[in-house]
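The values are calculated or read from the model by the stated rules, or taken from the named source; none is laboratory data. Since this is a predicted model, take the numbers as computed values, not measurements. Cβ sites come from the backbone with ideal geometry, for glycine too, and all protein chains shown count toward neighbours.
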Ligand code: SF4
């Protein structure tokens with residue numbers, strides 16, 4: 001049975017709905033000290049990928065059983081019994097570790113979501129052992145993608161899969177998702193993964209009962225299985241009772257897709273923007289920046305149209321800019337933050353920042369020399385920019401605190417002398433290797449040479 005690997009794609013999920021994370025961390029850590037260890041996901045959640053099923057994305061084991069068989073099966077029942085008896089299931093260790101480190105976990109994120117669904121009378125939080133359809137679904141139905149980002153892996157982008165098939169020497173850079181990468185090379189299989197028809201038919205049934213649908217990818221907006229499922233729910237008249245959460249790189253956004261999104265009761269769009277202009281085109285390979293910029297305006301206009309009487313968090317459409325901060329994107333962070341503030345001024349997008357941990361050579365804490373000096377200065381001035389805006393704008397100050405904290409922690413790690421020569425060496429080799437393959441140039445994008 002495959003083990004779920006925790007990678008950059010995993011923490012893309014953890015960013016969701018964490019604006020009040022600290023508050024909930026305290027609240028639910030206190031609850032945990034009571035008799036049971038409760039998490040809503042075994043009762044109310046399901047996570048579907050091309051290789052298996054689990055209650056959520058942080059669960060350390062993916063079952064190969066069909067979705068409905070899994071929901072009725074002994075593994076899930078045992079998880080529920082363990083929790084009700086106050087034991088942390090071993091598959092939930094990641095959440096427990098996160099909380100012990102004082103970090104917002106998937107458990108807390110989804111507890112908040114379930115409570116907000118309950119407040120709107122969409123669900124009743126349960127503790128029984130009966131079979132019920134889950135109301136919170138996260139789906140990664142394919143690795144089909146129109147980009148080949150340097151921070152991603154073939155497991156989540158078929159374009160990276162094709163590149164790996166043509167250049168097997170890149171395997172050494174995909175340590176976190178090595179199993180899938182090896183399979184792609186060895187079998188020469190088509191690097192496009194998607195759920196099979198039998199599984200999809202069960203997901204349709206489950207989605208009809210669900211109240212919150214969350215699509216990541218790959219790039220869900222270009223995946224026919226996703227679009228067909230949305231259309232199915234719209235045609236049945238069920239979209240108006242469900243919330244939709246979707247992660248997108250924005251390249252394929254168009255008015256037809258946005259019309260589908262806006263058919264749902266609430267729509268939460270997370271736009272992945274790690275850098276702007278040439279930096280975006282370099283890191284998020286396949287990006288056409290002008291197209292992204294235009295599409296962000298389309299999304300923003302849709303948000304403003306639907307949210308006329310609502311504030312930044314609370315409208316029928318909310319948009320969050322998600323920034324994955326890597327050894328590349330940190331080098332132009334200030335420009336990216338200035339761009340983000342324009343999106344905030346015009347459309348009231350929120351901001352979430354995550355640090356890239358995998359591939360490990362792109363973890364910015366390993367930067368050295370001129371790159372480290374630049375990263376420090378970019379982070380320092382970005383914090384200053386965000387703090388100044390927070391001092392002028394109460395609404396902005398309410399949600400930007402997490403991002404400022406993230407950046408302050410990054411600055412502390414960059415100021416330490418804890419250097420890792422091996423990882424930096426890997427970063428330089430990876431950069432030069434990819435530059436050659438893709439006919440790109442780090443130096444022309446960032447204005448200095450990595451050997452400095
Ligand atoms: S505790 Fe964490 S890993 Fe376990 S089911 Fe809940 S969210 Fe998933």
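Of all the criteria given as (1) in contact (Cβ under 8 Å) with a residue 60 or more places away in the chain; (2) under 18 Å from residue 205 (Cβ atoms); (3) more than 9 Å from the ligand (Cβ to nearest atom), the one not satisfied by residue 47 is (3). Please work out which residue is nearest to the ligand (Cβ to nearest atom), limiting yourself to the stretch 77-88 and to residues that are closer than 17 Å to residue 134 by Cβ and touching a helix residue (DSSP H, G or I) at 6+ places or on another chain (Cβ under 6 Å). Applying the filter and picking the extreme gives 79. Within the stretch 418-428, at least one residue is assigned by TED's automatic domain parsing to the domain that holds residue 281, assigned to a helix (DSSP H, G or I) and under 19 Å from residue 275 (Cβ atoms).
Highlighted here are the helices (runs of 4 or more DSSP H) found entirely within the stretch 188-306 that include at least 3 residues which are modelled with pLDDT under 95: 289-306. Name every residue in the stretch 51-76 that is more than 13 Å from the ligand (Cβ to nearest atom), touching a residue at least 12 places away in the same chain (Cβ under 8 Å) and farther than 17 Å from residue 195 by Cα, in order of residue number. Selection gives 71, 72.
Taken as a whole, the stretch 300-311 holds no residue that is crowded, with 21+ Cβ neighbours inside 10 Å and closer than 30 Å to residue 154 by Cα.
Mind telling me which of the residues 398, 389 ends up being at pLDDT below 95 and more than 23 Å from residue 448 (Cα to Cα)?
Details: 389 fails: at pLDDT below 95.
Selected residue: 398, the only one of 398, 389 that is at pLDDT below 95 and more than 23 Å from residue 448 (Cα to Cα).
In the stretch 115-146, which residue that is under 19 Å from residue 208 (Cβ atoms) and touching a strand residue (DSSP E or B) at 6+ places or on another chain (Cβ under 7 Å) is surrounded by the fewest Cβ atoms within 10 Å (Cβ to Cβ)? My answer is 117.
Residues 238, 233, 265: which one is surrounded by 19 or more Cβ atoms within 10 Å (Cβ to Cβ), in the same structural domain as residue 200 (by TED's automatic domain parsing) and within 19 Å of residue 137 (Cβ to Cβ)?
Details: 238 fails: surrounded by 19 or more Cβ atoms within 10 Å (Cβ to Cβ); 265 fails: surrounded by 19 or more Cβ atoms within 10 Å (Cβ to Cβ).
Just a single option satisfies the conditions, and that option is 233.
Scanning the stretch 312-353 for residues that are surrounded by fewer than 18 Cβ atoms within 10 Å (Cβ to Cβ) and not in a helix (DSSP H, G or I) yields 313, 314, 316.
Does residue 171 meet the test of being within 16 Å of the ligand (Cβ to nearest atom), modelled with pLDDT under 95 and surrounded by fewer than 20 Cβ atoms within 10 Å (Cβ to Cβ)? No; evaluated as a whole, the condition is false for this residue. Among the residues of the stretch 94-107, those that are more than 8 Å from the ligand (Cβ to nearest atom) and outside any loop (DSSP other than H, G, I, E, B) comprise 97, 98, 99, 100.
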